[in-house]
Amino acid sequence: MIVMHVENEPIWREAFQRQLGVQGGRLGSCDYLATGFVDEAEKRLQAGSIRAMVLDIGLNVDWDNRHMIAVLRNLTLDEVLANPSHSMQCHAHRLSRLAHAQGVPAVLLTNYADYTGGDPPLTRERLQEIFQVEAVFGKDEKDMHQCATWLRRILELQ
């Protein structure tokens with residue numbers, strides 16, 4: 001089985017891997033794979049080889065910069081997305097819902113505060129509901145530690 005971290009930025013992949021203490025590409029009895037390739041994550045989810053998943057919200061930088069805030073606002077208001085293609089372009093949403101449907105524990109490790117403005121405000125709790133994940137963690141030292149603790153607990157390494 002694989003623990004997968006899907007994140008665009010190599011610096012965040014490396015930082016979280018250090019936080020976890022990944023040794024030789026393994027975390028406990030699982031292979032550990034950190035990637036920026038959404039297709040790879042989706043393929044492995046569909047194959048049933050993922051034990052746990054950590055996702056960033058922003059996995060499609062160009063699209064995210066143009067559409068993410070509007071899409072999250074629609075989802076916050078429980079509105080159907082005006083443009084159905086947006087649900088396919090919001091990779092983290094698609095991956096997290098697929099993980100949920102397959103019973104794969106998943107969390108967001110993201111700069112969620114970038115998306116929290118507006119009315120109504122977008123809270124961690126609402127992001128958790130929208131993405132059907134177990135928790136939402138920020139990309140700061142404290143939250144990364146909490147995310148690592150969550151993952152170790154899921155893998156029964158504590």
Query raised in the report: Can you work out the FRET efficiency for the pair K142 and Q102, with r the C-beta to C-beta distance and R0 = 30 Å, to the nearest 0.05?
Result: 0.50
Report task. Please turn the phi angles of region 62-74 into ³J(HN,Hα) values with the Karplus equation 6.51 cos²θ - 1.76 cosθ + 1.60 (θ = phi - 60°), one per residue in order, whole Hz, x for glycine and proline. Result -> 4, 5, 4, 4, 8, 10, 4, 4, 5, 5, 4, 4, 4
Report summary line: Extension length gain for A47 and M1 (0.36 nm per residue less Cα distance), in nm, is 15.5 nm
Report task. Please sort 1-8, 52-59 by packing, taking for each peptide the average over its residues of neighbouring beta carbons within 10 angstrom, highest first. Result -> 52-59, 1-8
Query raised in the report: How large are Rg and Dmax for region 16-79 when only the alpha carbon atoms are used, in Å?
Result: 15.2, 45
Report summary line: Phi-derived 3J(HN,Hα) across region 31-42 with the Karplus relation (6.51, -1.76, 1.60, θ = phi - 60°), rounded Hz, x for Gly and Pro, is 5, 10, 10, 10, 8, x, 9, 4, 4, 4, 5, 5
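Read-outs throughout are calculated quantities, based only on the coordinates presented, and are distinct from any laboratory measurement. Just so it is clear, the model here is predicted, and its values are computed rather than measured. Positions of Cβ are generated from backbone atoms using ideal geometry, with glycine treated the same way; all protein chains shown enter the neighbour counts.
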